[in-house]
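Trainee: Take this structure, written in structure tokens, and hold onto it; I'll ask about it next.
What follows draws every value from the coordinates through simple rules; no lab data is involved. Since this is a predicted model, take the numbers as computed values, not measurements. Neighbour counts are summed over all protein chains in view; Cβ atoms, including those assigned to glycine, are modelled from backbone coordinates with ideal geometry.
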Amino acid sequence: MTMKLYGAALSPFVRKTRVVLALKGLEYESVHVDPNNPPPDYEKISPMKRIPALEVDGQYLADSAAICAYLERIQPQPALYPSDPMAYARTLWFERYIDYDIAANCTFGVFRNRIIMPLIGKTCDEDKVQHYLAEKIPPLLAYLDRELEGREYLVGDSLTIADIAMGSQMVNFRHGGECVDPQRYPNLAAHTERMHALAPFAATIEKESAFIEKVRG
Ligand SMILES: N[C@@H](CCC(=O)N[C@@H](CS)C(=O)NCC(=O)O)C(=O)O
């Protein structure tokens, strides 16, 4: 079996997928796709022209959630989805909340404005960023902070796809010049620190940060 992962370095969804591939020890080839300028035939690979997409022996999968669920089936260890039905469904809920609601605000609201806009020759709308930071993001982070009270992981007592999804979005939040405030969200701040200390996250953060520092000047 040969696998190709289509994506770009700073995408939180690509990073999430790469962390899962690394934890499961799966080999793959990386193919660079710029989401702002995908190749002309890319929609055959990813119908919405988004990254990541995975090619497996000539078949294609789009969306990090579908890809990671597939990877769990082909390499069940380490298990990143609980077997208990309720714990499994709660894991999928958190993954969805993070990939959509957290991403829409922390990554697309803050990181995209501050880092991607200047990279593609557009200006950052800092008023918009401040609105996200002051109004939209606090209740989203507060919910996860409450859910993490007295726990190391979002669901059960081991790492799941939900923790990886959150760790990945928080890399972009950090690249965007923000952090999870340990005074306001102590449980989530500790969780983020634990995620970012995992070897696949630590390695990618080091590589990406050097680039981000250059962009931020
Ligand atoms: N839910 C998708 C989100 C993927 C996504 O939005 N990727 C962004 C890059 S971070 C993208 O490809 N954007 C290009 C576009 O939407 O046209 C996933 O988990 O894979």
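Trainee: Lysines within cross-link reach of K128: Cα-Cα under 18 Å, excluding same-chain residues under 8 positions apart?
Mentor: List returned: K136.
Trainee: Taking only the Cα atoms of the chain, how large is their convex hull per residue, in Å³?
Mentor: Details: hull volume 26.4 nm³, N = 217.
Hull volume normalised by residue count: 122 Å³.
Trainee: Let me ask another. Given H placed 1.01 Å from N in the peptide plane, which residues other than close sequence neighbours of A53 have an amide H under 5 Å from its amide H?
Mentor: Y6
Trainee: What are the ³J(HN,Hα) values, in whole Hz, obtained from phi via the Karplus relation 6.51 cos²θ - 1.76 cosθ + 1.60 with θ = phi - 60°, for each residue of the stretch 144-151 in sequence order, with x given for Gly and Pro?
Mentor: Whole-Hz 3J(HN,Hα) from phi for the stretch 144-151: 5, 4, 5, 5, 8, 4, x, 10.
Trainee: Here is a further query. Distance check, please: which entries in K44/K122; K4/K214; K16/K207 exceed 22 angstrom between their Cα atoms?
Mentor: The pairs that break the limit, which is 22 Å between Cα atoms, are K44/K122; K4/K214.
Trainee: What ranking do M195, M117, M170, M3 get, fewest neighbouring Cβ atoms within 10 angstrom at the top?
Mentor: M117, M3, M195, M170
Trainee: Additional query: Only Lys, Arg, Asp and Glu count, each charged at its Cβ (+1, +1, -1, -1), so figure out the dipole size of the chain about its Cα centre, rounded to 20 debye.
Mentor: On the way: 24 positive and 29 negative charges, 64 e Å.
The calculated dipole for the chain is roughly 300 debye.
Trainee: What is the fewest-to-most order of T160, T123 by other Cβ atoms lying within 10 Å of their Cβ?
Mentor: Going from least to most buried by this count: T123, T160.
Trainee: Follow-up question, since we're still on this one. For the residues C68, C179, what sequence is obtained by ranking on other C-beta atoms within 10 Å, fewest first?
Mentor: Result, fewest neighbours first: C179, C68.
Trainee: List the pair-distance distribution P(r) of the stretch 3-74, using every Cα-Cα distance, as the percent of pairs falling in each 5 Å bin from 0 up to the bin containing the longest distance, rounded to whole percents.
Mentor: Calculated over all Cα pairs of the stretch 3-74, the distribution is 4, 18, 33, 28, 13, 4, 1 percent.
Trainee: Once you have the Cα-Cα distance between Y100 and N37, take 0.36 nm times their residue separation minus that, and quote the gain in nm to one decimal.
Mentor: Result: 20.5 nm gained on full extension.
Trainee: Pick from R114, R151, R73: which residue has the top mean-square fluctuation in a GNM of the chain where Cα pairs under 10 Å get a spring?
Mentor: Greatest mean-square fluctuation among the candidates belongs to R73.
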